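Asker: Mind having a look at this structure? Questions to follow.
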Amino acid sequence: MAPSVASPSAGAIMALLFPLLACSLMAIASAGNFHRDFQITWGDGRAKILDNGQHLTLSLDKASGSGFQSKNEYLFGKIHMQLKLVPGNSAGTVTAYYLSSQGPTHDEIDFEFLGNLSGDPYTLHTNVFTQGKGNREMQFHLWFDPTKDFHTYSILWNPRHIIFMVDGIPIRDFKNLESRGIAFPKNQPMRIYSSLWNADDWATQGGRVKTDWTKAPFTASYRNFKADACVWSSAASNCPSKKSSTDSASDDWWNQELDFTSQERMRWVQNNYMIYNYCTDLKRFPQGLPPECSLA
């Protein structure tokens, strides 16, 4: 598949990395330690924190998968995690990495990595839930093999945007269109969650390809968690309800949006690697596409 613009060089990728000018009154900048920042929540020993908290692995076998969650809840932030996905024949498996609140009207921001047959690309599935309503899926293939090395998957969530990024390159921008009557996640604090689990009823080729348990255990690896984020504590956030542009430079993550170069990079990804967009699925929405599709 030939890209519509030149494949990004290392210099171009670095230029896309958003500046982080942390404001101590509004956020905590945290270079991660898995012992400090996360707790293993299930898996009966299949999840392991290694190297004095610098690495974490999740494993899946026929009996169970595994998962972890952050100790903190966040209300807005820029979250980074490096992942190396299950190699080889990972068909039927899903590695999920997401932010979520709790309850029937929860908010959620999803990265899900749908496993593949050996030699086929992973599917990167993204979604945004607001007040319990999702159905905003966009799916991508990646321009590299995500099982060979660690890559950085980031979520920028501020009052105006939810931007999904891979190695600093934006792939999706879900904008706050509340002024047009479209709900946006902004009131519910969310934890970071990740899990590795069996979903062979739907994950690979719509469930036609099942998990090959002779390849188990399946393992995904994590490192270099970082959060520049507003921590929710005692029913309050350490971020102000409204941040003035005079509080700090206007290009920190709280005020950040995509500049022209970043928009061009996102278009490159979407033109060449997006394989599903709910905003073009007329068969799924015969009564009309969701309103944000014509406004974003």
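The values are calculated or read from the model by the stated rules, or taken from the named source; none is laboratory data. Here the structure is a predicted model, which is why all the values come from computation and not from measurement. Using ideal geometry, Cβ is built from the backbone for each residue, glycine included, and neighbour counts are taken over all protein chains shown.
Asker: For the stretch 44-102, which positions are of a type in the set (S, T, N, Q) and either under 15 Å from LEU114 (Cβ atoms) or part of a strand (DSSP E or B) (or both)? I'd like the intermediate steps shown before the answer.
Answerer: Residues of the stretch 44-102 of a type in the set (S, T, N, Q): 52, 54, 57, 59, 64, 66, 69-70, 72, 82, 89-90, 93, 95, 100-102.
THR57, SER59, SER66, GLN69, SER70, GLN82, ASN89, SER90, THR93, THR95, SER100, listed by residue number.
Asker: Which residues, counting only those in the stretch 169-180, are assigned to a loop (DSSP other than H, G, I, E, B) and closer than 21 Å to HIS125 by Cα?
Answerer: ASN176, the sole residue that qualifies.
Asker: Test ARG160 against the stated conditions and say whether it is out of contact with any Ser or Thr (no Cβ under 6 Å at 6 or more places or on another chain), surrounded by fewer than 21 Cβ atoms within 10 Å (Cβ to Cβ), of a type outside the set (Val, Ile, Thr) and more than 28 Å from ASN89 (Cβ to Cβ).
Answerer: In short, yes.
Asker: Within the stretch 87-95, can one find any residue that is surrounded by fewer than 23 Cβ atoms within 10 Å (Cβ to Cβ), in contact with a Phe, Trp or Tyr (Cβ under 7 Å, 6 or more places away or on another chain) and closer than 28 Å to TRP143 by Cα?
Answerer: Looking for residues that are surrounded by fewer than 23 Cβ atoms within 10 Å (Cβ to Cβ), in contact with a Phe, Trp or Tyr (Cβ under 7 Å, 6 or more places away or on another chain) and closer than 28 Å to TRP143 by Cα, one finds none in the stretch 87-95, hence no.
Asker: Something else now. Report, by residue number, each residue of the stretch 100-132 that is loosely packed, with under 14 Cβ neighbours inside 10 Å and either closer than 21 Å to ASP201 by Cβ or not small (Gly, Ala, Ser) (or both).
Answerer: GLN102, PRO104, THR105, SER118
Asker: Filter the stretch 148-157 for residues that are touching a Pro at 6+ places or on another chain (Cβ under 9 Å) and surrounded by fewer than 17 Cβ atoms within 10 Å (Cβ to Cβ) and give the result.
Answerer: Residue satisfying the conditions is LYS148 alone.
Asker: Mind checking whether some residue in the stretch 182-204 is under 30 Å from GLY45 (Cβ atoms), in contact with a helix residue (DSSP H, G or I) (Cβ under 6 Å, 6 or more places away or on another chain) and of a type outside the set (Val, Ile, Thr)?
Answerer: Within the stretch 182-204, one or more residues are under 30 Å from GLY45 (Cβ atoms), in contact with a helix residue (DSSP H, G or I) (Cβ under 6 Å, 6 or more places away or on another chain) and of a type outside the set (Val, Ile, Thr).
Asker: Is it true that some residue in the stretch 153-165 is polar (S, T, N, Q), in contact (Cβ under 8 Å) with a residue 60 or more places away in the chain and within 22 Å of TYR276 (Cα to Cα)?
Answerer: Residues of the stretch 153-165 that are polar (S, T, N, Q), as a first pass: 154, 158.
Subsequent filtering for residues that are in contact (Cβ under 8 Å) with a residue 60 or more places away in the chain retains 154, 158.
Right, trim to within 22 Å of TYR276 (Cα to Cα) and you get 154.
Checking the stretch 153-165: at least one residue is polar (S, T, N, Q), in contact (Cβ under 8 Å) with a residue 60 or more places away in the chain and within 22 Å of TYR276 (Cα to Cα).
Asker: Further question: How many residues are within 12 Å of the chain's Cα centre (by Cα) and not charged (D, E, K, R) if we restrict to the stretch 169-196?
Answerer: 5
Asker: Hey, does the stretch 41-64 have a residue that's touching a residue at least 60 places away in the same chain (Cβ under 8 Å), surrounded by fewer than 22 Cβ atoms within 10 Å (Cβ to Cβ) and of a type in the set (Gly, Ala, Ser)?
Answerer: Scanning the stretch 41-64, I find at least one residue that is touching a residue at least 60 places away in the same chain (Cβ under 8 Å), surrounded by fewer than 22 Cβ atoms within 10 Å (Cβ to Cβ) and of a type in the set (Gly, Ala, Ser), so the answer is yes.
Asker: Is there any pair with a first residue in the stretch 117-145 that is under 19 Å from PRO170 (Cβ atoms) and at pLDDT 95 or above and a second that is basic (Lys, Arg) and part of a loop (DSSP other than H, G, I, E, B) whose Cβ atoms are under 9 Å apart and which are 6 or more apart or on different chains, and what are they?
Answerer: As it stands, the answer is THR126/ARG136; ASN127/ARG136; VAL128/ARG136, since those pairs meet every condition given.
Asker: Please find, within the stretch 252-263, the residue that is modelled with the lowest pLDDT out of those that are among the charged types (D, E, K, R) and closer than 12 Å to ASN158 by Cβ.
Answerer: Looking at the filtered set, the residue picked out is ASP252.
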